[in-house]
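Have a look at the structure below before the remarks.
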Amino acid sequence: MKISKLPLLAAILPLAATLFLVPARVHADTYIIYDLGNTNGKPIVGIDTLGEVVIHNELGFDYLTYANGVLVNTTSTLPSLTYDNGTPCSVPSGFAAAPASEIVCNNGRTGFGSRSNPNGDPSGVYTGPTSSLTLVDPSGSTDMAVLNSSGDFAWSDGVHEENFEAIDLTTPEPSSVLLFGTGCLSLFGVLRRKLS
């Protein structure tokens, strides 16, 4: 069965226009949360670009390095990593910072603890792009916080007295657009071959 080119083009063009012109709903990032142990005498030193978190064990006078929630190294000297801790910033509009909460920003993302938010969102620890924040801990605080440029976030929670790390699992936007574009080109090639 041979399909005419004009009706096929008339069917594909509105679909393509809809996909590219209708704004997509923004989705929050996806995180996996790791508990890095008790905060008593163990402040977070920093996070590197790969998401490794260094904690200073003041009780044992050593430094603990965690990768994906697993202790991978213990040294008596500060590890020589390229720290990417972010910079202090203000809480996004609509949110209220929790008392003694540290707010950190890096590469268009933020991490902070909040209480009694004017916008009605629940209190807790938030991280992610400012336009689509994710609640990663509904009852925690950020007494100390670091955020790398990849979106990995580590914080000392004064409410639970624990150190945590949130690893960002979100697929970067350019790769999803590339995947979609490759699929469209493949579909076009298959249809062109069938029509000729």
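What follows is calculated from the coordinates using simple rules that are stated; it is not laboratory data. None of the values given here were measured: they were computed from a predicted structure. Here the Cβ positions follow ideal geometry from the backbone for every residue, glycine too, while neighbour counts run over all protein chains shown.
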**Item:** Total formal charge among the other residues, if their Cβ is under 11 angstrom from that of S149, Lys/Arg +1 and Asp/Glu -1
**Value:** -3
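Kirkwood hydrodynamic radius, segment 31-170, all distinct C-alpha pairs: what's the number in Å?
14.7
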**Prompt:** Can you sort K194, K42 so the residue with the fewest Cβ neighbours within 10 Å comes first?
**Reply:** K194, K42
**Lys, Arg +1 and Asp, Glu -1 on Cβ, resulting dipole of segment 31-170 about Cα centre, debye, nearest 20** = 300
**Asked** In sequence order, what are the phi-derived ³J(HN,Hα) couplings for segment 123-139 according to the Karplus relation 6.51 cos²θ - 1.76 cosθ + 1.60 with θ = phi - 60°, rounded to whole Hz, with x for glycine and proline?
**Response** 6, x, 9, 10, 8, x, x, 4, 6, 8, 6, 10, 7, 9, 8, x, 9
**Message:** Need one number: convex hull volume per residue for segment 105-159, Cα atoms only, in Å³.
**Reply:** 70
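Give, as a single signed number, the net charge of other residues whose beta carbon lies under 12 Å from the beta carbon of P79, with Lys and Arg counted +1 and Asp and Glu -1.
Taking every Cβ under 12 Å from that of P79, the sum is -3.
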